[in-house]
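What follows draws every value from the coordinates through simple rules; no lab data is involved. The shown structure was predicted, so the numbers you read here are calculated from the model rather than taken from an experiment. Virtual Cβ from ideal backbone geometry, glycine too; neighbours counted across all protein chains shown.
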Amino acid sequence: MDDVPLPTFDTYEPKVAESILSSESAMLTGLPEYLGVRTVDVGPGTMVAELDVRPELLNPFGTAHGGVLSGLVDHVLGAVLYPVIPRGAWAATTEFKLNLLAPVRDGVLQARSRVMSMTKRTAVVRIDVVNNDRLVGLAQGTVTISLPKT
């Protein structure tokens, strides 16, 4: 994935990226808060977020529930766009496909998102999910960008 050039962005707001990194834990609510999602890196069209695999996130068979990976993927799918879309715009997941490649039992689950294509109204984002240096999930999704009303 790293050898494919990123699209160029009309805007990149480093202050938005810094804000996501510095105050995200205070901004998280709902499922991302429950999962313990932490954003560890943000760049122009890229984001890395992770969570600790805890016992309450495991299914009865001792592996992370697919919904945990799905929730992490959905979070980075939209959040990666905020530093590159106009202030006041809103990014909403339209759809995504997630391939679950290997079981996750412990450690840190990390999602690495990358904007592959973007127009004024939509973006396509790819996400690689890694656990203990092993690829455990691949996702690609479409995000609708709602521009602020003027």
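Details
- Nonlocal amide H pairs with T94, under 5 Å, H built at 1.01 Å: T142, V143, T144
- Nearest-ten-degree value, helix 66-79 long axis tilted from longest Cα axis of the chain: 20
- Read-out Rg and Dmax of the Cα atoms in Å, derived from the coordinates shown; its label in (1) 13.8, 41; (2) 15.1, 51; (3) 21.1, 67: (2)
- Comparing S117, T39, V104 along the charge dipole axis of segment 14-146, the residue lying farthest to the positive side is S117, per the Cβ-charge model.
- Amide hydrogen proximity for T122: with H placed 1.01 Å from N in the peptide plane, the residues at 5 or more positions away or on another chain lying under 5 Å are I145.
- Dipole magnitude for segment 1-112: computed about the Cα centre from +1 point charges on Lys and Arg Cβ and -1 point charges on Asp and Glu Cβ, it is near 160 debye.
- Debye, to nearest 20: dipole size of segment 52-148, +1 on Lys, Arg Cβ, -1 on Asp, Glu Cβ: 400
- Whole-percent pair-distance distribution, where bins are 10 Å wide, for the alpha carbons of segment 63-150: 18, 46, 25, 9, 1
- Each residue of segment 137-150 is assigned a 3J(HN,Hα), and the resulting list reads x, 10, 9, 9, x, 10, 10, 8, 9, 9, 6, x, 6, 9 Hz, derived from the Karplus form 6.51 cos²θ - 1.76 cosθ + 1.60 (θ = phi - 60°), x at Gly and Pro.
- Summed side-chain charge close to A64 - residues other than A64 whose Cβ falls under 10 Å, Lys, Arg +1, Asp, Glu -1: +1
- By average C-beta atoms within 10 angstrom, highest first, the peptides 61-67, 109-115, 43-49, 6-12: 109-115, 43-49, 61-67, 6-12
- Separation in nanometres of the label points that stand 7 Å from Cα toward Cβ, at L58 and Y12: 4.1
- The local environment of M118, defined by Cβ-Cβ distances under 14 Å, has a net charge of +3 under the rule Lys, Arg +1 and Asp, Glu -1.
- With each label modelled as a point 7 angstrom along the Cα→C-beta vector, the L135-A89 pair spans 2.9 nm.
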